[in-house]
Amino acid sequence: MRYFIQSFLLVFLLSQTSTVKAGEGMWLPIFLKALNEQEMQHMGMKISAEDIYSVNKSSLKDAIVHFGGFCTGEIISDQGLILTNHHCGYSNIQSHSTIENNLLKDGYWSQSFDEELPNPGLFVTFIESIEDVTKKALLGTNDQMSAVERQSTIDKNLENIRAGYRLAEFHEIIIRPFYNGNQYFLFHTVKYNDVRLVGTPPESIGKFGADTDNWVFPRHTGDFSLFRVYAGPNNEPAAYSPDNKPFTPKHSLPISLDGVEEGDFTMVFGFPGRTNQYLPSPAVEQIINTLNPAKIEIRDKALKILDKRMRAEPEVRLKYASKFARVANYWKKWIGESQGLKSSNALKKKYTLEKEYAQNAPKDFKNIVQEFKTLYGEIEPYALARDFYSETTSRNIEILRQIRNIQRLVTTYEENGEEEYKALVERYIPYFENFYKDYEPELDQEVFAALTAFYVESLDKEFIPEELTREFLFMRALRDFNGLAKYMYSNSTFPTEEKFIAVLGKEPAEAVELIKKDPLYTLYTSWNGLYTKAISAPYNHYKTQIDSLQRLYMKGQMLTFKDKRFWPDANSTMRVTYGKVNGYNPRDAVRYLPFSYVEGIMEKYVPGDYEFDVPKKLVKLIETKNYGQYADETGSVPVCFIGTNHTTGGNSGSPAIDAYGNLIGLNFDRVWEGTMSDINYDSSICRNIMVDARYVLFLVDKLGGATRLIDEMKLVRPKTGLRSKK
Ligand code: ARG
Ligand code: GLU
């Protein structure tokens, strides 16, 4: 009886946590056994924590790679085949594309190993092992030390830890702070530098729905591409060589043809970039009220200008499609994030938590939130100016971003002399040519006018460089910022390729002199100098204090809420997140089902459209229902599905894994209403979006005809036989 009550209680407690917040958290693989295994199994997982992460035997983690350092990929065959997103492989696919042989437009399916295309610079990293090194890292530190003193003690400790390793080539030890610097973990990594492009669907599938559908469900995007890891002799990492052989992994993920259904357990394994779940309310207020609105408005102005021209001129649209997508991606995310923070009452939740914290925290930790209020008040003007500066000069006005490189030419000449200058010019010329290929100076001039005007109108005098002041305009007899833009762009050589390349063709001394007299160059250097002195110096001063306080606040929360499981904010290290396949209510009276199907592609189809066109061959396959073994029990092929897995940027390309450890899909996005999950995860509305593995296989097989790839994968049916077929 006692046992019964106990296990009843346990189940009750577990079901409480799973209904309250099943899904929250990006967990460290080494702690799954202690913190998560029980809950995961209760949610339906059939494997053990040891099957996911083990140093003694091969485990799921051996099939997961950090792809290029910015995305995730997974090994899906015993010959090193890698699956990742189309948007993760995009620049490599683009680099193999020409007008005559356009892989982006037409897709690509290599027919043999010989046709797999090398990608200089691209790498994947495996994790050999993870270790808690907190004690050694924090040796000799205490909470009374200054931030600088503490950091230099830690830096020395980390150096000592690293010195204890003798590493083979391509192996690396990475040590990162966790829980805002309260803990340190070590990652032993192995890097493979020969990664080749194996296959990709055409962009009209890999990016189907483009910006309109980005961050949105229902979704119908086939966001995947295939690469392969190659290794040198003995399967060891090696630089690219035609003699390298396909890599034999310790583990590769079997792919399930049975898929999942609503309520099923799912897990996502990968390298999430950054989250800020433990911020105090003044920080979240600042994001909602000040920083997000500013960044959104700046991008809004730039995007409107681009959009107008892109709609009118197909040539401009072609040149700017990818730049537009890059700027629009986070613009749209921030809008969703701000709305989500408001609609989920994130601030109210923070206030409640902080009240409880203030009542129960140990004496030395009680007043932290008050101190944050002061510090966030002090940093605000600098934080705002910092965002304005970087959005304006390095995100949206294209020519200003180029001047960073031009400035490097000048400093190289002045510091290292003519020879090095000439060598750098040689190296930069192809880079500049590439820039001008997709550059429209008049368009950039319009963006310049709008954004400099907005900068001046929004910020205090102390943040405005001389060249953007009324006095400057007056002296040059310029009426407004349109006049200033015109003056800058017509008197500078940078906006016009021929003019600038001609400058680079001159004798070094003369070229450098011309560059230094260029009005856009003087504007940039004066603005940048002001930024360093008046914006980033005070910003860093307060930020260091905020970071120290955040470390204490994190520690205080862990001391105060002893029963709570804390997960460390994402920091581009390997994590596991898990949840369930689940639809959601985006707004009153509307419910989204968790699966989309290929028929939905045809509902969105707009022939010739740059977002919603569909390749003829796919139309035909869908019309004739030529689905082969890839249809589910409804007779159709699922395209995308959503779940409560807690993901963020960097989880792109992460495998979605079922209860048995099989691949069921590929993570690539989140739903718009839930993008606030970086700051305030809420399981009622936060969903990640995955491409269904069956849609991927269907495309590889039926559209690409790449049966050689299907043959090397291991396709499984873990559920068939377990459930009665409908
Ligand atoms: N929103 C997804 C991710 O952050 C996909 C981005 C690529 N697609 C696009 N249309 N921009 O970052
Ligand atoms: N698309 C994102 C990426 O590139 C993943 C989606 C997200 O931010 O959740 O990593």
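Residues Ile99, Ile305, Ile501 in ascending order of nearby Cβ atoms (within 10 Å, fewest first): Ile99, Ile501, Ile305.
Under a point-charge model restricted to the Cβ atoms of Lys and Arg (+1) and Asp and Glu (-1), what is the dipole moment magnitude of the chain relative to its Cα centre, in debye to the nearest 20?
Numbers: 87 positive and 95 negative charges, 427 e Å.
Dipole size: approximately 2060 debye.
Determine the gain in length on full extension of the stretch Thr634-Asn234; use 0.36 nm per residue of separation and subtract their C-alpha separation, reporting nm with one decimal.
Values: separation 400, 0.36 × 400 = 144.00 nm, distance 4.66 nm.
Additional length available on full extension: 139.3 nm.
Coupling constants for region 200-213 follow from the phi torsions by the Karplus curve (6.51 cos²θ - 1.76 cosθ + 1.60, θ = phi - 60°), and in residue order they are 7, x, x, 3, 4, 9, x, 10, 3, x, 5, 6, 4, 8 Hz; glycine and proline get x. Taking label points 7 Å from Cα along the Cα-to-Cβ direction, Asp114 and Ser152 give a separation of 6.2 nm.
Close amide-amide hydrogen proximity is noted between Thr496 and no other residue 5 or more places distant or on a separate chain, at a cut-off under 5 Å (H modeled in the peptide plane; Pro and chain starts excluded). Once the Cα-Cα distance is subtracted from the 0.36 nm per residue extended length, the Lys349 to Ala34 segment shows a gain of 110.6 nm.
Counted by neighbouring Cβ atoms within 10 Å, the residues Ile298, Ile429 run from fewest to most as Ile429, Ile298.
Going by C-beta contacts inside 10 Å, put Ile657, Ile127 in order with the fewest on the left.
Arranged by neighbour count, lowest to highest, Ile657, Ile127 become Ile127, Ile657.
With contributions of -39500 (n - 2.57) from each DSSP H run of at least four residues, the per-residue ellipticity at 222 nm computed over the chain stands at -14000 deg cm²/dmol. Across region 572-578, rounded Karplus estimates of 3J(HN,Hα) from the backbone phi angles (6.51 cos²θ - 1.76 cosθ + 1.60, θ = phi - 60°) give 6, 9, 5, 9, 10, 10, 9 Hz, Gly and Pro being marked x.
Computed from the Cα positions only, the extents of the chain along the three principal axes stand at 89, 69, 60 Å, in decreasing order.
Can you tell me which of 606-618, 402-414 comes out highest on packing, and rank the rest after it, using the mean Cβ neighbours within 10 Å? If you can, show how the numbers build up before the last one.
Values: 606-618: 14.6, 402-414: 17.0.
The densest-packed peptide leads the list: 402-414, 606-618.
Close amide H partners of Ala231, meaning residues 5 or more places away or on another chain with modelled amide H under 5 Å apart, are Lys245, Phe247. Using only Cα atoms, what is the ratio of the radius of gyration of region 494-648 to 2.2 N^0.38 Å? After normalising by residue count via 2.2 N^0.38 Å, the value is 1.91. For the chain, the residue among Val503, Ala168, Val284 whose Cα projects farthest onto the positive side of the dipole built from Cβ charges is Val284.
Rounded, prolate or oblate: pick one for region 444-535, where a ≥ b ≥ c are the square roots of the eigenvalues of its C-alpha gyration tensor, a/c under 1.5 means rounded, and failing that, prolate if a/b is larger than b/c, else oblate. Because a/c hits 1.5 or more and a/b exceeds b/c, region 444-535 counts as prolate. Taking the simple approach of a point 7 Å from Cα along Cα-to-Cβ for both Gln94 and Arg166, what is their distance in nm? For Gln94 paired with Arg166, the spin-label model returns 4.5 nm. Taking a Cβ cut-off of under 15 Å around Asp364, the surrounding Lys, Arg, Asp and Glu residues balance to a net charge of +2, with basic ones at +1 and acidic ones at -1. Taken one residue at a time, the phi angles of region 623-635 give Karplus couplings (6.51, -1.76, 1.60, θ = phi - 60°) of 4, 8, 6, 7, 9, x, 7, 9, 6, 8, 5, 7, x Hz. Gly and Pro are set to x. Taking the Cβ-Cβ separation of Glu442 and Asn416 as r and a Förster radius of 45 Å, what is the calculated FRET efficiency to the nearest 0.05? E between Glu442 and Asn416, to the nearest 0.05, is 0.80.
Rule-based calculations on the coordinates, nothing more; no lab input. Every value quoted in this text rests on a predicted model; they were computed, and no experiment measured them. So basically every Cβ, Gly included, is an ideal-geometry build from the backbone, and we count neighbours across all protein chains shown.
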